[in-house]
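The values are calculated or read from the model by the stated rules, or taken from the named source; none is laboratory data. The shown structure was predicted, so the numbers you read here are calculated from the model rather than taken from an experiment. Cβ: placed from backbone, ideal geometry, glycine included. Neighbour counts: every protein chain shown.
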Amino acid sequence: MAKIFCVANQKGGVGKTTTTVNLAAGLALVGQRVLLVDLDPQGNATMGSGVDKRELVQSVYDVLLGEAGVAEARVRAETSCYDVLGANRDLAGAEVELVDLDRRERRLAEALAQVDAEYDLVLIDCPPSLSMLTLNGLCAAHGVIVPMQCEYFALEGLSDLVNTIKQVHGNLNPKLEVIGLLRVMFDPRITLQQQVSEQLKAHFGDKVFNTVIPRNVRLAEAPSYGLPGVVFDSGARGSQAYVEFAREMVERIQKL
């Protein structure tokens, strides 16, 4: 049975997509069968996996509307060794079209159930807002991975996200929980980041992943080559950190 995780944060620019594609590549590297689901109409996770969103015959949009199954719509990210259920601009219209459909918040969960036995892990890259798309991701997931920068405003955004997860847990998906907080773009030379990091550990305890992702230019360069950083430059500090994070994720999942 596949474990399904959303990578979510209602604040933009915190490294959600970078985390999703690099974690997917890292998990594939340590022997896991992985499906990446791109729920953002911008399609950045699709492109960052080496899949051209403009050439998708079918996408997550078709799956949500019931016009295709995951098995038909997924494509293989050959270089990175995981499958992608891609997104493109069509997905922007799904918000309106889903409103009139039955069980509209569970469309993704029901579609993923059809390929449950084929994967060890499913990672869902959510858009930076609480939309019908994000809700579909949260209703399908067993847990949420929250990438965040160690900055003051990030703490404010985190409290909003935790409240959202509690509401979804209480009303729609009782198995949903925060799996862990991942500190990203971390620079230990900045005192504020060290202070926020300590605050996170004091407040959330073992919910904070041990792995810390450093600020790393090679991770930022990788998407322009259509590759996760883990594949683009496996020797970079950021890439090595994501592989270490993948190993930590596998260990944490085994304890769930």
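Filter the helices (runs of 4 or more DSSP H) completely within the range 25-83 down to those with at least 1 residues that are touching a strand residue (DSSP E or B) at 6+ places or on another chain (Cβ under 7 Å), closer than 26 Å to Leu130 by Cα and among the hydroxyl-bearing types (Ser, Thr, Tyr).
44-48
Say we look at the range 1-13 and pick out the residues that are surrounded by fewer than 23 Cβ atoms within 10 Å (Cβ to Cβ) and part of a loop (DSSP other than H, G, I, E, B); which of these is modelled with the highest pLDDT?
Result: Ala2.
Regarding the range 67-75, can at least one residue be identified that is surrounded by 16 or more Cβ atoms within 10 Å (Cβ to Cβ), at pLDDT below 95 and over 14 Å from the mean Cα position of the chain (by Cα)?
Of all residues in the range 67-75, those surrounded by 16 or more Cβ atoms within 10 Å (Cβ to Cβ) come to 68, 70, 73-75.
Next, from what is left, pick out any that are at pLDDT below 95: none.
Within the range 67-75, not a single residue is surrounded by 16 or more Cβ atoms within 10 Å (Cβ to Cβ), at pLDDT below 95 and over 14 Å from the mean Cα position of the chain (by Cα).
Which one of these does Phe204 not meet: (1) at pLDDT 95 or above; (2) of a type in the set (Phe, Trp, Tyr); (3) within 25 Å of Thr164 (Cβ to Cβ)?
(1)
Please go through (1) in contact (Cβ under 8 Å) with a residue 60 or more places away in the chain; (2) over 28 Å from Ser49 (Cα atoms); (3) β-branched (Val, Ile, Thr) for Val162 and return the number of the only condition it doesn't satisfy.
All conditions pass for Val162, except number (1).
Please give the number of the condition Val21 fails out of (1) part of a loop (DSSP other than H, G, I, E, B); (2) in contact with a Gly (Cβ under 6 Å, 6 or more places away or on another chain); (3) under 24 Å from Arg215 (Cβ atoms).
All conditions are met except number (1).
Among the hydroxyl-bearing types (Ser, Thr, Tyr) and more than 19 Å from the chain's Cα centre (by Cα) - does that describe any residue in the range 113-135? Explain how you work it out, then say what you get.
Taking the range 113-135 and keeping what is among the hydroxyl-bearing types (Ser, Thr, Tyr), we get 119, 129, 131, 134.
Keeping just the survivors that are more than 19 Å from the chain's Cα centre (by Cα) gives none.
Within the range 113-135, none of the residues are among the hydroxyl-bearing types (Ser, Thr, Tyr) and more than 19 Å from the chain's Cα centre (by Cα).
Conditions tested, residue by residue: (1) in contact with a helix residue (DSSP H, G or I) (Cβ under 8 Å, 6 or more places away or on another chain); (2) of a type outside the set (Ser, Thr, Tyr); (3) over 28 Å from Asp102 (Cβ atoms).
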position	(1), (2), (3)
Ala28	no, yes, yes
Val34	yes, yes, yes
Asp38	yes, yes, no
Glu67	no, yes, no
Ala71	yes, yes, no
Gly86	yes, yes, no
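Restricted to the range 219-236, and to residues that are surrounded by fewer than 16 Cβ atoms within 10 Å (Cβ to Cβ) and not polar (S, T, N, Q), which residue is farthest from the chain's Cα centre (by Cα)?
So the residue we want is Gly235.
Check whether at least one residue in the range 83-99 is over 27 Å from Gly26 (Cβ atoms) and free of Cβ contacts under 8 Å to residues at least 24 places away in the same chain, and report yes or no. Talk me through it step by step, then tell me what you get.
In the first step, residues of the range 83-99 are kept if they are over 27 Å from Gly26 (Cβ atoms); the result is 89-90, 92-99.
Next, from what is left, pick out any that are free of Cβ contacts under 8 Å to residues at least 24 places away in the same chain: 96.
Scanning the range 83-99 turns up at least one residue that is over 27 Å from Gly26 (Cβ atoms) and free of Cβ contacts under 8 Å to residues at least 24 places away in the same chain.
May I ask you to say which residue of Gln240, Gln195 is without any contact (Cβ under 8 Å) to a residue 60 or more places away in the chain and either closer than 17 Å to Met148 by Cβ or of a type in the set (Asp, Glu) (or both)?
Working: Gln240 fails: either closer than 17 Å to Met148 by Cβ or of a type in the set (Asp, Glu) (or both).
Being without any contact (Cβ under 8 Å) to a residue 60 or more places away in the chain and either closer than 17 Å to Met148 by Cβ or of a type in the set (Asp, Glu) (or both) holds for just one of Gln240, Gln195, which is Gln195.
With the requirement that a residue be assigned to a strand (DSSP E or B) and either surrounded by fewer than 22 Cβ atoms within 10 Å (Cβ to Cβ) or of a type in the set (D, E, K, R) (or both), what does the range 114-135 give you?
Scanning the range 114-135 gives a single hit, Asp125.
Anything in the range 76-94 that is surrounded by fewer than 23 Cβ atoms within 10 Å (Cβ to Cβ), closer than 14 Å to Gln42 by Cβ and either out of contact with any Pro (no Cβ under 9 Å at 6 or more places or on another chain) or modelled with pLDDT of 90 or more (or both)? List them, or say none.
Selection gives Asn88, Arg89, Asp90.
Considering only residues of the range 203-232 that are among the aliphatic types (A, V, I, L, M) and in a strand (DSSP E or B), which is nearest to Gly26 (Cα to Cα)? Walk me through how you get there before you give the answer.
Initially, the range 203-232 is screened for residues among the aliphatic types (A, V, I, L, M), giving 208, 212-213, 217, 219-220, 222, 227, 230-231.
After this cut, where a residue has to be in a strand (DSSP E or B) as well, the list is 208, 212-213.
Working: Val208: 19, Val212: 15, Ile213: 13 Å.
Out of the qualifying residues, it is Ile213.
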